[in-house]
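A short write-up of the structure that comes next.
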Amino acid sequence: MCRMIAYASVEPRDAAPYLENLARFCKSGNLVARWEKHRGGNHPDGWGIAYRQEEEIRGIRSGMPAADDPLLSQVQVRTDRFIGHVRFASNIETVHAGNSHPFIASGIALAHNGTFYGKIGEEGDARKVSDTLVFLEFLAQRWMTRTLPELADALRETLSDRERVGEYSAANLLIATGDRLFALRRWRRDPEYYTLYLAENETGRIVSSQPLDDEGRWRLLGDGELIDLVTGESRSVLPPAGP
């Protein structure tokens, strides 16, 4: 259970305002009403970022609350592709930098809001790693061309495989590779929490778990909507409707 931010911009921009929003989400990001706050805020169980620099996707992760971590204030990043994530852990024993998102594997960075079960969850438990990391490794094997249509097909197939992902809560995903950046909103319960909003203008596109301002520019992504934040093109990962 998490709050997330990503942007793709025409020119590199200072990531500092987005880091500040991660700290704000750590303190007071939206929660489902039945959840209790952890010590340190609403989403204090680690933070991480992924960003493009010199044609590589790089990452910084921490197991400390973003609002109180000195490392966050020391980060100086200027980039045109950015993902940020803060975490609310269902099991506080899993709180450490190694379990903070985004994860990076095979040149892909992925952050997730939700929980997978099924074979992916079982493998994560057996390896003592995050279910999101296992999902990323599985996705990387199937998403070979790194294009939007193939990503939509791979996600649609994987998320429809109940044996593999179980009755997952949500698959809100931010995915970066090379100069591409994608965002997916897909929820199965608590739609008021598993949100992802889009804002766009001539300088780029931003997605966030909740609006970053009150300017009225934010559009809630539809369930199953997968969007390319570089081009604005979108696809649905929902299975086709029956006859």
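Every read-out reported here was derived from the displayed coordinates using simple, explicitly stated rules and does not represent laboratory data. Here the structure is a predicted model, which is why all the values come from computation and not from measurement. No Cβ is skipped: glycine too gets one built from the backbone with ideal geometry, and neighbour counts run over all protein chains shown.
Scan segment 142-243 for GluC sites (Glu not before Pro) in coil per DSSP, keeping those whose Cβ has at most 13 other Cβ atoms within 10 Å, and list them by number.
Values: sites: E150, E157, E163, E167, E192, E200, E202, E215, E225, E233; in loops: E167, E192, E202, E215, E233.
Here the sparse-neighbourhood loop sites are E167, E192, E202, E215, E233.
Among S73, S236, the ranking by other beta carbons within 10 Å of each residue's beta carbon, starting with the fewest, stands as S73, S236. On the basis of the beta-carbon distance and an R0 of 25 Å, S73 and S28 show a calculated FRET efficiency of 0.85. Within the shell of other residues whose beta carbon sits under 12 angstrom from the beta carbon of S90, the net charge comes to -3, with Lys and Arg scored +1 and Asp and Glu -1.
Would you work out if segment 53-181 is rounded, prolate or oblate? Take a ≥ b ≥ c from the square roots of the eigenvalues of the alpha-carbon gyration tensor; rounded if a/c is under 1.5, else prolate when a/b is larger than b/c, oblate otherwise. Verdict is oblate for segment 53-181.
With both labels modelled 7 Å from their Cα along Cα-to-Cβ, the S236 to R217 distance reads 2.9 nm.
Computed 3J(HN,Hα) for segment 201-207, one whole-Hz value per residue from the Karplus formula 6.51 cos²θ - 1.76 cosθ + 1.60 where θ = phi - 60°, is 8, 5, 9, x, 10, 10, 10, glycine and proline marked x.
Counting helices only, and only those DSSP H runs with n ≥ 4, report the 222 nm mean residue ellipticity of the chain as the sum of -39,500 (n - 2.57) divided by its residues, in deg cm²/dmol to the nearest 500. Mind showing how you got there, number by number?
Details: 6 runs with 56 residues, N = 243.
After summing the helix terms and dividing by residue count, I get -6500 deg cm²/dmol.
Computed over segment 2-236, the convex hull of the alpha-carbon atoms projects to a mean area of 11.6 nm². Look at K128, K27 and count the other Cβ atoms within 10 Å of each Cβ; fewest to most, that gives K128, K27.
Under 14 Å from the Cβ of S236, count the other residues' Cβ atoms, weight Lys and Arg +1, Asp and Glu -1, and hand me the total. Could the numbers behind the result be given before it?
Numbers: positive: R156, R185, R186, R235; negative: D153, E157, D223, E225, D228, E233.
Local charge sum for S236: -2.
In summary, the lysines within cross-link reach of K27, defined as a Cα separation below 22 angstrom excluding same-chain residues under 8 places away, comprise K37. For V86, V165, the sequence from fewest to most other C-beta atoms within 10 Å is V165, V86. In this label model, R39 and D161 are separated by 4.1 nm, measuring between points 7 Å along each Cα→Cβ vector. Here, P(r) means the percent of Cα pairs in each 5 Å bin from 0 to the largest distance; for segment 125-199 it is 3, 13, 24, 26, 20, 12, 3, 0.
What's the local net charge at D179, with K and R +1, D and E -1, over the other residues with C-beta under 9 Å away? Spell out each step's value before the answer.
Values: positive: R52, R81, R180; negative: E55, D80.
It works out to a net charge of +1.
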